[in-house]
Amino acid sequence: MTEEILKVEHLNKFYGNWQALHDINFSLKKGEVLTLLGPSGSGKSTLLRTLNGLEDYEDGKIYFHGKEINPSPKQWQALRQKIGMVFQSYDLFPNLTVMENILLAPVKVQKRNEDEVRKEAQKLLGQVELADYADAYPRELSGGQKQRIAIVRALAMHPEIMLFDEVTASLDPEMVRGVLEIIQRLSDNEHMTMIIVTHEMNFAAKIADEVLFLEDGKIVEDTPGKEFFAHPQTKRAQEFLDSMDF
Amino acid sequence: MSWTVIQQALPVFAKGFELTLWLSLIGIIGSIIVGIITSLIQYFKVPVLSQIFTAYVEVARNTPLLIQLFFLYYAFPVFGLKMSAEVCGIVGLIFLGGAYMAEGFTGGFNGVSSSQISSGKALGMNNLQLARYVVFPQGFSLSMPALTANIVFLIKETSIFSVIAIPELTNTALDLIGMYYRSNEYLFMLVVAYAIILIPVILVLNWLERRVRYASFGD
Amino acid sequence: MLHSGINVLFEGRNFARLMAGLWTSTWIAVLALIIGLAIGTIFGVLRTLKNRPVRFILRIYLEFFRIVPTVVLLYLVYYILPRSLHVNWPATWMSVLAFALWVGAEFSDIVRGAIESVPKNQRESGMALGLSRLQLFRYVLIPQAFKLELPATINLATRVIKTTSLLMIINIMEVINVGQQIIEANNQQYPTGVFWVYGFIFILYFILDYPLSAWAKRLTAKQK
């Protein structure tokens, strides 16, 4: 029995009077890849941002390694060092070089030894085939390169979970594959625990151990990956898969 | 227009020119310091202090420098607080300029995109680290255009010092007009003197603005 | 002592005189704004056209007013109009002229910027409908630019109001000059009068300017 790393119970989130998330429940085991699917506006990104404390939630509980998270800014700030996140818009810091972007959090936030982190960063850059770009500025990189750097920047903090929020949505089609391969390798070789929001159905089908299908802020379906793509249980999920031309 | 009149007035003008430069320089540096302190207090929402400084910014920005100077120069001595005209001028200029600079910096901080802030938070930064590594470096470059405009504005505002008899450029010209009645020549020299100061300042600041923008954002 | 000094404001006709002075500042500001905004609109539109000489001349005009402080501007009209051009207007008219030309310069840049930031497809769809160039400006570009330039225009108005304080230097009987006279006339009886009179004028300017700049700030926040 593998360890349960993240668990969400009865999570509700409101924007004013509008309810963005309804009674969300799920759990995530170590090494598992969870994929959030659903039409745009269904609350996937909101849920992901909530799991990193970037959005408040009104009620419900989130457990990390079985311990309830107290939703205070301070606790989230400590926790984020264990939960890495990569965004659609890459958001590298434009005023820092690639290496400075990667070193910033491990050295300044986690107070680790700079030389060690630098060595490790160089190795990670090699793994994403960007070893020569350590001193480049983000403006000199293509979208796909920026996104690979953003992944390295998150990995350098040694997170236990990685959250990917539509990381290929702004990329040119030919850049997409490179980024997806890195995520795939992360699962295959490092057994990284991940939650992925994506519209790349082929990729999702290949990588997902478990799928949460969301609509209007509710979990409509929670099924193991293979089963979801072969035999979705609900009509809505079937329609969604048909519409994605998959 | 007589060139001899202009030639003879040159040494006197040079003195006024120098004083205008000094007063502007001290005023600008002081304003930037006050502006940074004020905008930091507002950014971190320091209790009580941030309300006081917000009130300060509104008062300073919505009243004329001339009346601020009169108040310092004529009304303060009523309480026994007597300052020389030059000190009044500098204090008034920094009071005014600090508020303008604070507005500029605050505008820059607010202009940093929310996705950059999310990205910093996702890396586990606390509020102080977020400010230090994300908001301030990017916010300061975003506030460069406001900084340029404020510097030019403050240099021009030193002309108002003439009303409390500080012998800067404008006051020098007026004195000369009063003595020799050659308004064309002295006003011409006055306009040229401001052009000599401001044109290079504007050109250098615009160049700097582009450099800083490129270094921070690459466009 | 200090608190009794406040009575200087209400001695004789003092209060009415201060208000009359404020009125002088206000009408000069309003008139200069109206004329200046008209000049600025015309010049701003001209600066978006392709005619190079016109654009160059208007650019020089703008840069002149950017460089010359308003104090100097007032002295320029005050000395040069009567002495060299033999125009003997009252000082109030001359100040309206100086302010209007200055507002015109600043506003022309605001108008140009706003027109240029109206989306290109708006311009093109107007032309596709067969609008003439004048109609394009009249019905499409200027109305859309107006919304964009409103906060900057209000801020310009607050600057004009503050700048009326300079009118005292060319001997116009505006609120500060009146204040000085009151202070001098009552110096014996009210030694702290200077504090109250200048303090009162300080507050008057704040009351005129604060609502405008708060409005501009709100509009700017909304446009984001």
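Among the residues making up the range C:51-78, those that are open to solvent by less than 40 Å² (accessible area, probe 1.4 Å) and not in a loop (DSSP other than H, G, I, E, B) are C:58, C:62, C:65, C:67, C:70, C:71, C:72, C:73, C:74, C:75, C:76, C:77. In summary, strands (runs of 3 or more DSSP E) completely within the range A:1-87 and bearing 2 or more residues that are over 23 Å from residue A:166 (Cβ atoms) occur at A:4-15, A:18-29, A:59-64.
Filter the range B:68-94 down to the residues that are out of contact with any Gly (no Cβ under 9 Å at 6 or more places or on another chain), in contact (Cβ under 8 Å) with a residue 60 or more places away in the chain and open to solvent by 10 Å² or more (accessible area, probe 1.4 Å), then identify the one that is farthest from residue B:37 (Cα to Cα). Ranking the candidates gives B:85 first.
Taking the listed residues C:214, C:221, C:157, the one that is in a helix (DSSP H, G or I), small (Gly, Ala, Ser), open to solvent by 10 Å² or more (accessible area, probe 1.4 Å) and modelled with pLDDT under 90 is C:221, with no other qualifying. Using the structure shown, decide if residue A:187 is touching a helix residue (DSSP H, G or I) at 6+ places or on another chain (Cβ under 7 Å), of a type in the set (Ser, Thr, Tyr) and under 21 Å from residue A:81 (Cα atoms). Taking the combined requirement at face value, the residue satisfies it. Considering only the range B:158-166, I want to know if a residue exists there that is at the interface with another protein chain (Cβ under 9 Å from one of its Cβ atoms) and either exposed (fewer than 15 other Cβ atoms within 10 Å of the Cβ) or small (Gly, Ala, Ser) (or both). Scanning the range B:158-166, I find at least one residue that is at the interface with another protein chain (Cβ under 9 Å from one of its Cβ atoms) and either exposed (fewer than 15 other Cβ atoms within 10 Å of the Cβ) or small (Gly, Ala, Ser) (or both), so the answer is yes. The residue of the range A:125-146 that is nearest to residue A:192 (Cα to Cα), among those that are within 12 Å of chain B (Cβ to nearest Cβ) and in a helix (DSSP H, G or I), is A:146.
Close contacts from the range B:119-144, counting a first residue that is within 8 Å of chain A (Cβ to nearest Cβ) and a second that is open to solvent by less than 30 Å² (accessible area, probe 1.4 Å) and aromatic (Phe, Trp, Tyr), with Cβ to Cβ under 7 Å and a gap of 6+ residues or different chains, come to B:119/A:87; B:134/A:93. Going by the conditions given, is residue C:210 free of Cβ contacts under 8 Å to residues at least 12 places away in the same chain, closer than 27 Å to residue C:5 by Cβ, within 9 Å of chain B (Cβ to nearest Cβ) and within 18 Å of the chain's Cα centre (by Cα)? For residue C:210, the condition - free of Cβ contacts under 8 Å to residues at least 12 places away in the same chain, closer than 27 Å to residue C:5 by Cβ, within 9 Å of chain B (Cβ to nearest Cβ) and within 18 Å of the chain's Cα centre (by Cα) - is met.
All of B:150, B:126 fail the test of being within 16 Å of the chain's Cα centre (by Cα) and within 30 Å of residue B:46 (Cα to Cα), apart from B:150. Under the condition of being surrounded by fewer than 21 Cβ atoms within 10 Å (Cβ to Cβ) and either assigned to a helix (DSSP H, G or I) or facing chain A (nearest Cβ under 7 Å) (or both), the residues counted in the range B:104-118 number 9. Condition first: assigned to a helix (DSSP H, G or I) and within 30 Å of residue A:155 (Cα to Cα). Can you find one or more residues in the range B:61-69 that meet it? Within the range B:61-69 (the criterion being assigned to a helix (DSSP H, G or I) and within 30 Å of residue A:155 (Cα to Cα)), the answer is no, since none of the residues qualifies.
Going by the conditions given, is residue A:21 open to solvent by less than 10 Å² (accessible area, probe 1.4 Å), more than 22 Å from residue A:241 (Cβ to Cβ) and in contact (Cβ under 8 Å) with a residue 12 or more places away in the chain?
Yes: the conditions hold for residue A:21.
Filtering the range B:45-91 to residues that are among the aromatic types (Phe, Trp, Tyr) and touching a Leu at 6+ places or on another chain (Cβ under 9 Å) leaves only B:79.
Checking every residue in the range A:74-88 against the condition of being on the phi > 0 side of the Ramachandran plot and either under 20 Å from the mean Cα position of the chain (by Cα) or not β-branched (Val, Ile, Thr) (or both) gives zero matches. Listed by first and then second residue, the pairs linking a residue in the range A:142-158 that is without any contact (Cβ under 8 Å) to a residue 60 or more places away in the chain to a residue that is part of a helix (DSSP H, G or I) and basic (Lys, Arg), with Cβ atoms under 8 Å apart and 6 or more places separating them unless they lie on different chains, form an empty list. So is residue C:24 farther than 22 Å from residue C:110 by Cβ, at pLDDT below 95, assigned to a helix (DSSP H, G or I) and touching an Asp or Glu at 6+ places or on another chain (Cβ under 8 Å) or not? So residue C:24 passes the test. Checking the structure you have, find out if any residue of the range C:15-35 is of a type in the set (S, T, N, Q), farther than 20 Å from residue C:100 by Cα and surrounded by 15 or more Cβ atoms within 10 Å (Cβ to Cβ). The answer is no, given that none of the residues of the range C:15-35 is of a type in the set (S, T, N, Q), farther than 20 Å from residue C:100 by Cα and surrounded by 15 or more Cβ atoms within 10 Å (Cβ to Cβ).
The values are calculated or read from the model by the stated rules, or taken from the named source; none is laboratory data. Note that the coordinates shown come from a computational prediction; the quantities given were computed from them, not determined experimentally. Neighbour counts are summed over all protein chains in view; Cβ atoms, including those assigned to glycine, are modelled from backbone coordinates with ideal geometry. Heads up: the accessible areas ignore ligands, DNA and RNA and are worked out on the full protein's heavy atoms, side chains in. Shrake-Rupley method; radii C 1.70, N 1.55, O 1.52, S 1.80 Å.
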